[in-house]
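Structure, as C-alpha cells:
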Amino acid sequence: MKHSLTVALKNQSVAVERFLRVVRHRGFDLTHFQLNMDDGHYHVLMTVDSDKPIHLLTTQLDKLVDVKQVTLQNLQQQAM
C-alpha cells in the first residue's frame, strides 16, 4: 500500500538523517520525497510503499525528539 505523510521536523540536518533512518529501518520504501523549510522547521511531504501497517512507521516517527508532527494524508490501494 502507498501512504502519503506530512512530517514537521526541527531545522537541523541531523533531524532529517534520523527521520530517514527510521523510515528505512521500519521497511518502508520511499517513493516520493519533498523537503521544504517554513517557519524555522522542515516540512517533509513523502510517499512510502510497504505491505506493513502504516502505524508501525507513524508511531516510531512520533517518538523522535526532532519530529514536531506527523500527519497521514491519504491511503491508496496499489494497483494489482
Subject >> Alpha carbon Rg of the chain, scaled by the compact-globule rule 2.2 N^0.38 Å >> reply: 1.04
**OP:** Kindly identify the stretch 1-45 as rounded, prolate or oblate by the Cα gyration tensor criterion: order the square roots of the eigenvalues as a ≥ b ≥ c, call it rounded if a/c is under 1.5, otherwise compare a/b with b/c, prolate if a/b is larger, else oblate.
**Re:** oblate
**OP:** Work through the residues other than residue 10 whose Cβ is under 11 Å from its Cβ and net out their charges, Lys, Arg +1 and Asp, Glu -1.
**Re:** +1
**OP:** Could you tell me whether the stretch 25-67 comes out rounded, prolate or oblate from its Cα gyration tensor? Rule is a ≥ b ≥ c as square roots of the eigenvalues, rounded for a/c under 1.5, then prolate if a/b exceeds b/c, otherwise oblate.
**Re:** oblate
**OP:** With runs of 4+ DSSP H residues as the only contributors, calculate the mean residue ellipticity of the chain at 222 nm using -39,500 (n - 2.57) per run, divided by the residue total and rounded to the nearest 500.
**Re:** -8500 deg cm²/dmol
Subject >> Surface accessible to a 1.4 Å probe, residue 63 within the full protein complex, Å² >> reply: 150
Subject >> Sulfur and carbon atoms: percent of accessible area, the chain [1.4 Å] >> reply: 49
Subject >> 9, 45, ranked by accessible area, largest first (probe 1.4 Å) >> reply: 45, 9
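The values are calculated or read from the model by the stated rules, or taken from the named source; none is laboratory data. Remember, it's a predicted structure, so these values are computed and weren't measured experimentally. When we count neighbours, we look across all protein chains shown, and the Cβ atoms used for this are built from the backbone with ideal geometry, even at glycine. Accessible surface is based on the protein model in full, side chains and every heavy atom, while ligands, DNA and RNA are left aside. Shrake-Rupley method; radii C 1.70, N 1.55, O 1.52, S 1.80 Å.
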